[in-house]
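Comments concern the structure below.
The values are calculated or read from the model by the stated rules, or taken from the named source; none is laboratory data. Just so we're clear, the structure is a prediction, and the values are computed from it rather than from any experiment. Heads up, the Cβs are rebuilt from the backbone with ideal geometry, glycines too, and the neighbour counts pull from every protein chain shown. The area values use the complete protein model at the heavy-atom level, side chains included, leaving out ligands, DNA and RNA. Shrake-Rupley method; radii C 1.70, N 1.55, O 1.52, S 1.80 Å.
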Amino acid sequence: MIGHATATGNGYADRLAATYRKILLHPTYRLLILLAGAPVTIIVYVAYLLLKSKSGYTSIVEETRNKLLKSGYLDELLLEAKDQLERKHRFFGQTVNTEQTAREAKQLASQKFEETLQVQLKERLSEESGLKITFGDTYHSLAMNPFFLVLSVIIGLPMYLLMAIYANPYVKYIAERLFMAIFVIFGVAFLVFTILYISPMNPAANLLGETATAEQIATFNHIYGLDQPYLVQLWNTIKGILTFDLGKSFAGNENVTTAIANKFPVTLTLTFIATLIAVLIALPIGIISATRPNSFLDYTFMFIALLGLSIPNFWQGLIFILNFSIKLPWLPATYNPNNWLSAIMPIVVLGTGLTAAVARMTRSSTLEVIHEDYITTAKAKGLARRHVLWKHAVGNALIPIITVIGLQFGAMLGGAAVTEKVFNISGIGSYIVDKQFIPDIPSIMGGVVYTAITISIVNVIVDLLYAFFDPRIRSKMKQY
């Protein structure tokens with residue numbers, strides 16, 4: 001029983017060591033793992049130095065170095081470097097500075113000497129494998145000790161969490177994309193804040209009016225922290241994003257986070273319904289057009305899709321209001337959350353461009369796939385045409401289609417300002433547009449952060465869908 005437990009513990013240590021070695025080969029993860037487990041790294045490094053000294057590694061390095069020095073190799077390199085530098089100076093007609101030339105020659109000779117030393121050390125250690133000790137090997141030998149393993153988990157828990165993430169390809173894939181999303185969010189917030197800071201617009205003067213005195217403007221700036229240095233304001237903004245407290249808006253003195261949270265459900269509902277209807281309509285149209293290229297249906301569908309891409313949202317919305325609200329009083333002209341009929345026209349306007357884009361992408365992607373060799377092979381095997389189309393063609397054609405849907409959905413969710421203005425929808429898009437002319441810095445930053453978060457989350461979901469639909473991506477994930 002004890003032997004089984006020991007074997008299990010050794011197997012666990014072996015798996016940890018294998019993951020640790022693999023991480024050390026990746027520059028970015030190597031830096032993260034060494035920092036996340038700084039106490040463990042120090043212990044392993046000290047043990048690494050001790051093992052190297054005990055194994056004779058240090059003596060071999062000194063022996064090889066002394067052998068090279070005694071051979072006069074460094075003096076040869078120094079003379080060669082001086083000669084090259086002097087010839088270069090003469091060729092370009094430059095004045096030769098003896099001291100500077102000597103320093104440069106010494107630096108070049110030392111660099112080449114170290115390179116040669118490393119080559120000879122590598123050859124020597126390859127002959128005596130017992131002397132070749134790596135950082136990963138040191139960790140492995142320490143991890144075989146249960147006391148060290150428990151201690152390292154206690155003092156280096158973040159390191160082991162990072163190793164657990166790295167060991168699972170799917171979790172690693174998700175974590176990397178989430179990290180990139182966080183980087184994008186704060187990068188966008190930094191750029192937008194900087195642009196607003198250097199903008200010549202004066203929020204206090206715009207809100208208080210032309211009759212505002214200098215004292216009133218100064219008081220306004222002091223209350224909202226606009227008189228503070230750039231770095232202080234930037235830090236307060238970043239801190240607000242981290243704590244989900246974006247402050248009070250200049251106009252109306254409302255809580256920005258609460259205002260965005262109240263407007264988000266409207267935009268999400270309309271965008272989700274519009275995207276769902278657009279996809280249900282566009283996918284069959286694109287597939288039919290691809291399976292019957294250059295036919296009457298193909299030309300008709302693609303002509304309608306081209307019209308859908310060409311029609312501006314504001315014009316389409318106004319035409320709908322003119323015909324279905326004024327001439328034919330069937331639908332309300334403005335949006336009312338308590339009346340589902342008022343959502344029909346905004347949903348159609350939002351979905352028109354998306355339907356056209358997805359239909360055209362579905363056609364081109366499917367048309368490209370159905371001419372591949374594996375589709376021809378599947379047909380030659382006698383598989384039904386419908387089976388070949390849905391099982392092999394459409395599945396492999398979905399990657400670019402998912403990309404278009406994700407980008408369009410993220411853009412609409414980020415705020416379809418034109419459509420919201422036309423139909424008087426109190427959503428995110430109209431909120432950001434209203435606030436940018438003041439400029440209401442907290443509200444604009446809140447809207448920008450919301451948009452960045454929304455699009456980043458959508459992109460992460462799209463990347464996950466890539467891995468779900470494309471086996472090549474799953475295979476690549478497992479390789480790294």
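Could you give me the residue pairs with C-beta distances under 7 Å whose first residue belongs to the stretch 147-165 and is farther than 12 Å from residue 13 by Cβ, whose second residue is open to solvent by less than 30 Å² (accessible area, probe 1.4 Å) and basic (Lys, Arg) wherever it lies, and which are 6+ apart or on separate chains?
Listed pairs, sorted by first residue: 165/172.
Answer yes or no as to whether residue 23 is in a helix (DSSP H, G or I), modelled with pLDDT of 80 or more and hydrophobic (A, V, I, L, M, F, W, C).
Considered against the rule, which asks whether it is in a helix (DSSP H, G or I), modelled with pLDDT of 80 or more and hydrophobic (A, V, I, L, M, F, W, C), residue 23 comes out as yes.
Restricting to the stretch 261-275, and then to whatever is surrounded by fewer than 18 Cβ atoms within 10 Å (Cβ to Cβ) and touching a helix residue (DSSP H, G or I) at 6+ places or on another chain (Cβ under 9 Å), can you tell me which residue is modelled with the lowest pLDDT?
The residue in question is 264.
Do we find that residue 252 is over 30 Å from residue 348 (Cβ atoms) and part of a loop (DSSP other than H, G, I, E, B) in this structure?
Considered against the rule, which asks whether it is over 30 Å from residue 348 (Cβ atoms) and part of a loop (DSSP other than H, G, I, E, B), residue 252 comes out as yes.
Within the group 380, 416, which residue is crowded, with 16+ Cβ neighbours inside 10 Å, at pLDDT below 75 and more than 22 Å from residue 304 (Cα to Cα)?
It is 416.
Within the stretch 420-449, track down each residue that is over 30 Å from the mean Cα position of the chain (by Cα) and farther than 26 Å from residue 325 by Cα.
Once the filter is applied, which keeps residues that are over 30 Å from the mean Cα position of the chain (by Cα) and farther than 26 Å from residue 325 by Cα, the stretch 420-449 yields 437, 438.
Which one of the conditions (1) in a helix (DSSP H, G or I); (2) open to solvent by 60 Å² or more (accessible area, probe 1.4 Å); (3) of a type outside the set (D, E, K, R); (4) closer than 25 Å to residue 366 by Cα does residue 294 fail to meet, given that it meets all the rest?
(1)
Tally up the residues in the stretch 217-268 that are under 30 Å from residue 355 (Cα atoms) and without any contact (Cβ under 8 Å) to a residue 12 or more places away in the chain, please.
3
With (1) modelled with pLDDT of 80 or more; (2) not in a helix (DSSP H, G or I); (3) not polar (S, T, N, Q) as the list, and residue 446 as the residue in question, which single condition is left unmet?
For residue 446, the failing item is (2).
So, in the stretch 320-375, how many residues would count as being in contact (Cβ under 8 Å) with a residue 60 or more places away in the chain and either at positive phi or among the basic types (Lys, Arg) (or both)?
Counting residues in the stretch 320-375 that are in contact (Cβ under 8 Å) with a residue 60 or more places away in the chain and either at positive phi or among the basic types (Lys, Arg) (or both) gives 2.
Evaluate the following for residue 188: is it of a type in the set (A, V, I, L, M) and open to solvent by less than 70 Å² (accessible area, probe 1.4 Å)? It would help to see each step written out before you state the result.
Numbers: of a type in the set (A, V, I, L, M): yes; open to solvent by less than 70 Å² (accessible area, probe 1.4 Å): yes.
Considered against the rule, which asks whether it is of a type in the set (A, V, I, L, M) and open to solvent by less than 70 Å² (accessible area, probe 1.4 Å), residue 188 comes out as yes.
Could we say that residue 404 is at pLDDT 80 or above and surrounded by 13 or more Cβ atoms within 10 Å (Cβ to Cβ) here? First the steps, then the outcome.
Details: at pLDDT 80 or above: yes; surrounded by 13 or more Cβ atoms within 10 Å (Cβ to Cβ): yes.
Answer is yes for this residue.
When the residues of the stretch 208-231 are filtered to those that are part of a helix (DSSP H, G or I), open to solvent by 60 Å² or more (accessible area, probe 1.4 Å) and β-branched (Val, Ile, Thr), which remaining residue is modelled with the lowest pLDDT?
Within the stretch 208-231, the match that is modelled with the lowest pLDDT is 223.
Among the residues of the stretch 213-230, is any hydrophobic (A, V, I, L, M, F, W, C) and within 29 Å of residue 335 (Cα to Cα)?
no
Considering each of 258, 194 in turn, give the residue that is within 30 Å of residue 337 (Cα to Cα), modelled with pLDDT of 80 or more, of a type in the set (S, T, N, Q) and part of a helix (DSSP H, G or I). Please lay out each step first, then the result.
Details: 194 fails: within 30 Å of residue 337 (Cα to Cα).
When all the criteria are applied, what remains is 258.
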